[in-house]
1. State which residue pairs qualify: first residue among the small types (Gly, Ala, Ser) and inside the stretch 3-16, second residue modelled with pLDDT of 75 or more and in a loop (DSSP other than H, G, I, E, B) in any location, beta carbons under 9 Å apart, and separation of 6 or more residues or different chains.
2. Of the residues that sit in the stretch 1-57 and are at pLDDT 85 or above and small (Gly, Ala, Ser), which one is farthest from SER67 (Cα to Cα)?
Amino acid sequence: MRVPIDELDYSDYHVYTYEGQYLQVLVTRILRFGQLLAENSYVDGILQGISREWYKCGQSHYECYESGANSYLAPTP
């Protein structure tokens, strides 16, 4: 399930929730004209899994693997 980032709640404990539940989803940021800007995966409300971001022109900016406090940056093609 994809959820727009502006529909999330962020707690004082640094955990995201959606409709009162911890996130288990792919969160997206989309520009005004429907262009995808970023995708981030969350497990139990914490950023975990693949994170991707694109420039406004559509070219890949970066891709990395998030695991709690650790990030592993992968080169973009």
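1. Correct list of pairs: SER11/GLY45.
2. The selected residue is ALA38.
The values are calculated or read from the model by the stated rules, or taken from the named source; none is laboratory data. The structure presented is a predicted model; accordingly, all values stated were derived computationally and were not measured. Glycine gets a Cβ as well: all are built from the backbone with ideal geometry, and neighbour counts include every protein chain shown.
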